[in-house]
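Asker: The structure follows.
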Amino acid sequence: MSEPTQPRNTCIYGKGEMSALIRSFDWEKTSLGPIHTWSAHLLISVNLLLDSSFPMLIWWGEDRIQFYNDAYLRILGTDNSKKQLQTLGRRGEDCWPDAWPRVSELIERVLSSGESEFVEDEMVPLYRNGRMENVYWTYAYNPIRNMGGVPEGILVVCTETTHTQERLQHNEEQLKRVLDHMAEGVGIVDRLGKIIYSNPMAHQILNTEGFKFPERSSNSPEWYNTRLDGTRMSDEEHPTTIAMSTGKPVFNYEFAIERPGLDKMYLSMNAAPITDAKGEVSGAVGMFMDITKRKQTETELRASESRYRTLFNSIDESFMLIELIFDAEGRPEDYWIREINPAFSRQTGLTKAACNQRARTLMPGLEDLWIETYGQVALTGKSIRFEDYNKTTKQWYRAFASRVSEETPFVIVVFDNITAKKELEQRKDDFISIASHELKTPITSLKASLQLLDRMKDQPNTATLPRMIDQANRSVNKVTVLIDMLLNATRMSEGQLGLQLERFNALELLKASCSHIQTANHNFVFEANPELEIFADENRVEQVLVNLVNNAVKYAPGASEIYLKAEKLGDRVMISVRDLGPGILAEQLPHLFDRHYRADFSGMQYSGLGLGLYISAEIVKRHGGEIGVESTPGLGSTFWFSLPGNIELQQGYLQGNLT
Ligand code: ADP
């Protein structure tokens, strides 16, 4: 659309609404006078204003006569623009009665300094679109100079920033709503670490309702942060400070807060730096959660774990945690060894390296029974106690297996090597049958003698009578000796052995211990200083020696010499009995002095209850002495025992043990 007539002499060329209005305006009524009298710079300025599609205003001359363009009218809305149309050519003061003090102040500043003024996002309430609106403006007041450089007017270039401001405000409100309803505590600190914002959850977590955060520094007597190990944390270590100094976010930083009179509180914090428009760090935001309960549980768990770990590592029973492996049909086929304790390693020889290995890989000979048994425990939850002989290790085990929980195929197995116990039981069984046999022989012979005597009671003069009586006596003696031995052994094991201490000659003792033996095959060789004396219970020591001599005769039947020796060794008296018999196997040596132990001489028939050496050892120990044996198969054996020679010193010990 073009404007058909446009008098050239008006010097106003624009085609818009305001250009038309300016051309038709009666300027004579204003202090500016008709257009053709206007100065060139006023005309240039007004034309520039009218040609601009950017909102602009001009105030000219002493009266600050007002001009503006179409773009300016448009942002005022229809209602205001109509009103504004009437302000053309009027004095600024009349156009802006309310805002004039502020406007005129800016105008004066620009005119006097000659420099423009720039104002960003200033809110000016405006009646627009039928209501009062908070309108934001960004504008510049620029001087318009005459040819002499003196500012005569003001050009205002303005733009409305309400939308940007509204958007910002909207964003801020939205952010606030999010922060207000967050389940995490949020705190924002400035560059100096001063808290400038905290959300409601932060106060709820920290129990600081009404507490003025910004007034406190991170560490003070009323509030300080500690590391997890309980030591004080410096401000530099605070995650928000770290985020600011490194410019990088910090995740899951755990620390504690201590406040006098309040329980220690643990927090986990994520922190991120906040940067300004120039990309410089201007603060940090910290988001945190209360992890006090979790930390307490962790601490309790750790304490309990370490208690059980100590128990687990120190108990004598072997302990193993296993995880069952089932085949497609749900049958147990193997198990993982997950944990073992030191006792387990000691007993099986398997080290920690066995953990997380399959049992069948580790022990190829493992019997199915074990896996089936553990599988049943895992499936049914019923604990099992059982004993089994392991053919590979040749050992007896007693095991207890129990399921850890219903949800997992874990089973704990506690087991014990009971081979020694089993062997003792076996020896006891053997002992009972031997003892019965040993007692039965003299009793049968006694019975026979008594039956004969009974038949002879009417012919007392028979020559066989004294023989029968003699035989009966010997049988009774044998029974008595056996019963004595049994009683002795019982008394020994119950610690009821009293000692009658006296001084006696060693050589005489050696000789006395062989006097009862009637043997054509053996020759006794004695070696002792005739002066050597012993202070001990003579009968008991003789009992020991008789035992050793009897054994030498019994177990070395073919060897002629038996050597008995007594000598002083330091403050002790050492007595030994040496035979040249078949000797004893090395693996049997450690057991000879055990109760009921009898080395198995296959193919040879030896009588004995396996008690002699046990009783001897007890008597020697009771004297504070030592007993032992040295033997080489094929070369004979030397049984020895030592008794303390320093009588006075040992007396206390011995008396203390007298019962
Ligand atoms: P017992 O003679 O009644 O079997 P002991 O306790 O006296 O019981 O001896 C235990 C075992 O020690 C015997 O069964 C025998 O095997 C072995 N033993 C003892 N003395 C000798 C020896 N001088 N030579 C070889 N073996 C012996």
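Asker: Could you tell me whether ILE337 is crowded, with 16+ Cβ neighbours inside 10 Å, of a type in the set (A, V, I, L, M, F, W, C) and farther than 18 Å from VAL414 by Cα?
Answerer: no
Asker: OK, next. Kindly establish whether LEU497 is in a loop (DSSP other than H, G, I, E, B) and either among the aliphatic types (A, V, I, L, M) or touching a residue at least 40 places away in the same chain (Cβ under 8 Å) (or both). Spell out how you get there, then give the answer.
Answerer: On the way: in a loop (DSSP other than H, G, I, E, B): yes; either among the aliphatic types (A, V, I, L, M) or touching a residue at least 40 places away in the same chain (Cβ under 8 Å) (or both): yes.
So LEU497 passes the test.
Asker: A further question follows. Against the conditions (1) assigned to a strand (DSSP E or B); (2) under 30 Å from ILE65 (Cβ atoms); (3) modelled with pLDDT under 90, where does ILE196 fall short? Just the number, please.
Answerer: (2)
Asker: Return yes or no: is SER31 at pLDDT 90 or above and in a helix (DSSP H, G or I)? Please lay out each step first, then the result.
Answerer: Working: at pLDDT 90 or above: yes; in a helix (DSSP H, G or I): no.
Criteria not met by SER31.
Asker: Checking ALA20 against (1) assigned to a loop (DSSP other than H, G, I, E, B); (2) under 28 Å from LEU126 (Cβ atoms), only one condition comes out false. Which one?
Answerer: ALA20 satisfies all of (1) assigned to a loop (DSSP other than H, G, I, E, B); (2) under 28 Å from LEU126 (Cβ atoms) except (1).
Asker: Is there any pair linking a residue in the range 405-433 that is more than 25 Å from TYR335 (Cα to Cα) and without any contact (Cβ under 8 Å) to a residue 24 or more places away in the chain to one that is buried (at least 16 other Cβ atoms within 10 Å of the Cβ) and among the aromatic types (Phe, Trp, Tyr), with Cβ under 9 Å and at least six apart or on different chains, and which?
Answerer: Note: pairs meeting the criteria are ALA420/TRP396; GLU423/TRP396.
Asker: So which residues in the range 547-600 are under 17 Å from LEU635 (Cα atoms), assigned to a loop (DSSP other than H, G, I, E, B) and touching a residue at least 40 places away in the same chain (Cβ under 8 Å), if there are any at all?
Answerer: The answer is ALA556, ALA559, LEU580, GLY581, PRO582, GLY583, ILE584, LEU585.
Table: residues versus (1) of a type in the set (Phe, Trp, Tyr); (2) touching a Pro at 6+ places or on another chain (Cβ under 7 Å).
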{"residue": "LEU507", "(1), (2)": "no, yes"}
{"residue": "PHE524", "(1), (2)": "yes, no"}
{"residue": "ASP537", "(1), (2)": "no, no"}
{"residue": "VAL544", "(1), (2)": "no, no"}
{"residue": "LYS565", "(1), (2)": "no, no"}
{"residue": "MET574", "(1), (2)": "no, no"}
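Asker: From the residues in the range 513-531 that are closer than 30 Å to ALA489 by Cα and assigned to a loop (DSSP other than H, G, I, E, B), which one is nearest to the chain's Cα centre (by Cα)?
Answerer: SER513
Asker: Hey, another quick one. Looking only at residues in the range 306-329 that are at pLDDT 90 or above and in a loop (DSSP other than H, G, I, E, B), which one is surrounded by the most Cβ atoms within 10 Å (Cβ to Cβ)?
Answerer: Among those residues, the one meeting the criterion is ASP327.
Asker: Shifting gears a bit: If you check ALA489 against the conditions, is it within 24 Å of ILE627 (Cβ to Cβ), within 16 Å of the ligand (Cβ to nearest atom) and in contact (Cβ under 8 Å) with a residue 40 or more places away in the chain?
Answerer: Numbers: within 24 Å of ILE627 (Cβ to Cβ): yes; within 16 Å of the ligand (Cβ to nearest atom): yes; in contact (Cβ under 8 Å) with a residue 40 or more places away in the chain: yes.
The answer is yes for ALA489.
Asker: I'd like to know if the range 204-213 contains one or more residues that are basic (Lys, Arg), outside any loop (DSSP other than H, G, I, E, B), at pLDDT below 90 and exposed (fewer than 14 other Cβ atoms within 10 Å of the Cβ). Break it down stepwise before answering.
Answerer: Narrowing the range 204-213 to residues basic (Lys, Arg): 212.
When the remaining residues are screened for being outside any loop (DSSP other than H, G, I, E, B), the result is none.
Within the range 204-213 (the criterion being basic (Lys, Arg), outside any loop (DSSP other than H, G, I, E, B), at pLDDT below 90 and exposed (fewer than 14 other Cβ atoms within 10 Å of the Cβ)), the answer is no, since none of the residues qualifies.
Asker: Still on this structure, please answer the following. How many residues, within the range 53-75, are in a loop (DSSP other than H, G, I, E, B) and either out of contact with any Asp or Glu (no Cβ under 9 Å at 6 or more places or on another chain) or of a type in the set (A, V, I, L, M) (or both)?
Answerer: Of all residues in the range 53-75, those in a loop (DSSP other than H, G, I, E, B) come to 53-55, 61-64, 69.
Next cut, either out of contact with any Asp or Glu (no Cβ under 9 Å at 6 or more places or on another chain) or of a type in the set (A, V, I, L, M) (or both) only: 54, 62.
Qualifying residue count for the region: 2.
Asker: A further question on this structure: Checking the structure you have, find out if any residue of the range 152-162 is of a type in the set (Ser, Thr, Tyr), under 60 Å from the mean Cα position of the chain (by Cα) and under 14 Å from ILE75 (Cα atoms). Let's see the steps before the verdict.
Answerer: Residues of the range 152-162 of a type in the set (Ser, Thr, Tyr): 159, 161-162.
Still in the running and under 60 Å from the mean Cα position of the chain (by Cα): 161-162.
Restricting the remaining residues to those that are under 14 Å from ILE75 (Cα atoms) gives 161-162.
Within the range 152-162, one or more residues are of a type in the set (Ser, Thr, Tyr), under 60 Å from the mean Cα position of the chain (by Cα) and under 14 Å from ILE75 (Cα atoms).
Asker: I want to confirm something. Restricting to the range 585-595 and keeping residues that are near the ligand (Cβ under 9 Å from one of its atoms) and surrounded by fewer than 21 Cβ atoms within 10 Å (Cβ to Cβ), which single residue is nearest to PHE431 (Cα to Cα)?
Answerer: Here is the first cut: in the range 585-595, the ones near the ligand (Cβ under 9 Å from one of its atoms) are 588, 591-595.
If we keep only those that are surrounded by fewer than 21 Cβ atoms within 10 Å (Cβ to Cβ) too, we end up with 588, 591, 593-595.
On the way: GLN588: 17, HIS591: 15, PHE593: 15, ASP594: 13, ARG595: 10 Å.
Checking each candidate, the answer is ARG595.
Asker: So GLY149 ticks every box in (1) modelled with pLDDT of 90 or more; (2) exposed (fewer than 11 other Cβ atoms within 10 Å of the Cβ) but one. Which box is left unticked?
Answerer: (1)
Asker: Starting from the range 294-305, take each residue that is part of a helix (DSSP H, G or I) and list its partners that are modelled with pLDDT of 90 or more, counting only C-beta distances under 6 angstrom and pairs at least six apart or across chains.
Answerer: The qualifying pairs are LYS295/TYR266.
Asker: Continuing with this model, one more query. Residues of the range 105-139 being within 12 Å of GLN165 (Cβ to Cβ) and of a type in the set (Phe, Trp, Tyr), which ones?
Answerer: TYR136, TRP137
Asker: Could you tell me which residue of the range 610-628 is nearest to the ligand (Cβ to nearest atom), considering only residues that are β-branched (Val, Ile, Thr) and assigned to a helix (DSSP H, G or I)? Spell out how you get there, then give the answer.
Answerer: If we filter the range 610-628 for residues that are β-branched (Val, Ile, Thr), which is where we start, we get 615, 619-620, 627.
Cutting the leftovers down to assigned to a helix (DSSP H, G or I) gives us 615, 619-620.
Numbers: ILE615: 8, ILE619: 13, VAL620: 13 Å.
That would be ILE615.
Asker: Right, another one. Hey, among the residues in the range 542-581 that are more than 16 Å from the ligand (Cβ to nearest atom) and more than 60 Å from the chain's Cα centre (by Cα), which one's surrounded by the most Cβ atoms within 10 Å (Cβ to Cβ)?
Answerer: Restricting attention to the range 542-581, the residues satisfying the condition of being more than 16 Å from the ligand (Cβ to nearest atom) are 566-574.
Checking the rest, the ones that are also more than 60 Å from the chain's Cα centre (by Cα) come to 566-568.
On the way: ALA566: 22, GLU567: 15, LYS568: 16.
Here the residue is ALA566.
Asker: Within the range 336-369, which residues are polar (S, T, N, Q) and in a loop (DSSP other than H, G, I, E, B)? Outline the logic, then answer.
Answerer: Taking the range 336-369 and keeping what is polar (S, T, N, Q), we get 341, 345, 347-348, 351, 356-357, 361.
If the condition is that a residue be polar (S, T, N, Q) and in a loop (DSSP other than H, G, I, E, B), then ASN341, THR351, ASN356 are the ones that fit.
The values are calculated or read from the model by the stated rules, or taken from the named source; none is laboratory data. Since the structure is predicted, the reported quantities are computational estimates derived from the model, not experimental observations. Glycine also receives a Cβ, built like all others from the backbone with ideal geometry; neighbour counts cover every protein chain displayed.
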